[in-house]
Amino acid sequence: MKIVAIDGPAGSGKGTITKIVAEKLNLIYIDSGATYRCVALAALRNNLKVEDKEEIIKLTKTLKIEFTKDGRTILNNEDVSKEIRSKEVSEIVSPISSIVEVREILVDLQRKMANDHDVIMEGRDITTVVFPNANYKFYLDASIEERARRRFKQNEEMNIHIPMEELIESIEKRDYNDMHKPVGSLMRTNDQIYIDSTNMTIDEVVNEIIKNIK
Ligand code: DC
């Protein structure tokens, strides 16, 4: 089976880019971040706090997480695609993804998802932990300012007004968390193909990735 792995920081455009490449190359798209978001949503629904580590680990073991071909996320037979993007989930998902035992369970699940298909999977530790032997590995980056600009634009389109300084601060905090986890932290390695998308269009990034796969 063919595996394409893409890592990168929040707001680097991984989701958008990976979806397009998946369609063009007929690969199954897997958003590993959505699995962590499912655990965060389940924890919230069970009134658990981030500190309730043991309870969260127990809960994670009971969850059934699936992705449909058209990209929806199904948690215990319920479509939670929208809910896992809520502010409440986004606030607690990073500390939850730092729990080592939660990562072990989800990494196992992510590997199984690639069992009998050609896949393209994006996240933070796909090139290093989940599939260190992937056929193709990419690190997709963009400057903090550019990532904040992209988020600002998305927000404005949804009529959400958050000042740039605040966005930059929150992206810096997320980067720090993502890069300083005991296990599965985001890192650059020599065997990744590094793409800095700061001054590139979506099409240019997609073409760059496809060129390297072909
Ligand atoms: O990509 P995202 O923002 O939806 O990811 C949600 C959270 O999950 C984010 O805080 C980082 C974490 N994550 C992770 O630790 N490992 C992954 N492979 C993917 C996401």
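Each reported figure results from applying straightforward, stated rules to the coordinates on display, with no laboratory input. Treat the numbers as computed from the prediction; the structure is a model and nothing was measured. Don't worry about glycine lacking a Cβ; one is built from the backbone with ideal geometry, like all the others, and counts go over all protein chains shown.
Here the contact order of the chain, divided by its residue count and restricted to Cα pairs under 8 Å and six or more residues apart, works out to 33 percent.
Among Tyr194, Tyr29, Tyr139, the residue with the largest mean-square fluctuation in a Gaussian network model of the chain, with springs joining Cα atoms closer than 10 Å, is Tyr194. Provide the net charge surrounding Phe152, with neighbours chosen by a C-beta distance below 14 Å and charges set as Lys +1, Arg +1, Asp -1, Glu -1. Every neighbour counted, the sum reads -2. Of interest is the spacing of the C-alpha centroids, which for segment 20-47 and segment 87-148 amounts to 9 Å.
Pair-distance distribution P(r) for the chain, from all Cα-Cα distances in 10 Å bins starting at 0: 8, 34, 39, 18, 1 percent. With contributions of -39500 (n - 2.57) from each DSSP H run of at least four residues, the per-residue ellipticity at 222 nm computed over the chain stands at -15000 deg cm²/dmol. Which shape class, rounded, prolate or oblate, goes with segment 37-102 when its Cα gyration tensor gives a ≥ b ≥ c as root eigenvalues, a/c under 1.5 marks rounded, and past that a/b bigger than b/c marks prolate? Because a/c hits 1.5 or more and a/b exceeds b/c, segment 37-102 counts as prolate.
Near Leu167, once Lys and Arg are set to +1 and Asp and Glu to -1 for all other residues with Cβ below 13 Å from its Cβ, the sum equals -1. Largest GNM mean-square fluctuation among Ile162, Ile57, Ile20, using the chain with Cα springs under 10 Å: Ile162.
How much net charge surrounds Thr73 when only other residues with a Cβ under 10 Å from its Cβ are counted (Lys, Arg +1; Asp, Glu -1)?
-1
Within straight-line reach of Lys24, meaning a Cα separation under 19 Å, sit the following lysines at least 8 residues removed in sequence or on another chain: Lys2, Lys14, Lys69, Lys137, Lys211, Lys214. For the pair Asn133 and Glu51, the difference between a 0.36 nm per residue extended length and the Cα-Cα distance amounts to 26.1 nm. Here segment 89-168 has an Rg and Dmax of 16.4, 45 Å, counting Cα atoms alone.
Computed over segment 130-204, relative contact order equals 48 percent, with contacts defined as Cα pairs under 8 Å that lie 6+ residues apart. Placing +1 on the Cβ of each Lys and Arg and -1 on the Cβ of each Asp and Glu in the chain, which of Met121, Pro9, Met187 has its Cα farthest towards the positive end of the resulting dipole? The residue sitting farthest along the positive end of the dipole is Met121.
Across segment 150-214, counting alpha-carbon atoms alone, Rg and Dmax equal 15.6, 42 Å. Here the gap between Ser170 and Glu101, fully extended at 0.36 nm per residue and compared with their Cα-Cα distance, gives a gain of 22.2 nm.
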